[in-house]
């Protein structure tokens with residue numbers, strides 16, 4: 001598996017759930033099964049990574065794998081959008097170029113994180 005912290009596009013993360021380590025493999029297989037069904041629509045001009053993520057979150061909640069502290073609706077979409085903007089400002093740091101935060105070198109501790117777990 002590639003190191004997620006070497007990504008040029010990782011600017012933040014949102015916590016949705018903690019995986020029970022005693023059932024980790026089963027849960028990860030179930031996650032993969034659900035998330036692999038969320039379509040990527042590269043020819044749809046309204047499709048973004050955020051629209052994919054919102055559909056994925058909706059499906060995960062529908063399947064009972066996550067419980068959020070907010071319903072999956074327009075208000076959550078607005079909240080996630082604001083979080084994305086906040087993360088971008090923190091990582092880019094006002095200089096307009098990437099990166100002002102060393103995510104690859106510092107790993108998880110360098111990534112702005114928001115907790116949406118219910």
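Label separation (residue 62 vs residue 89): 3.4 nm, computed from points 7 Å beyond Cα along the C-beta direction. Once the Cα-Cα distance is subtracted from the 0.36 nm per residue extended length, the residue 55 to residue 22 segment shows a gain of 9.1 nm.
The calculated FRET efficiency for the pair residue 46 and residue 115, based on their C-beta separation and a Förster distance of 35 Å, comes to about 0.80.
Going from the fewest other Cβ atoms within 10 Å to the most, the residues 30, 43 appear in the order 43, 30.
Arranged from fewest to most other beta-carbon atoms within 10 Å of their beta carbon, 87, 49 become 49, 87.
Quick note: the coordinates plus some simple rules give every number you see, no bench work behind them. Keep in mind that what you see is a predicted model, and the values were worked out from it rather than measured. So basically every Cβ, Gly included, is an ideal-geometry build from the backbone, and we count neighbours across all protein chains shown.
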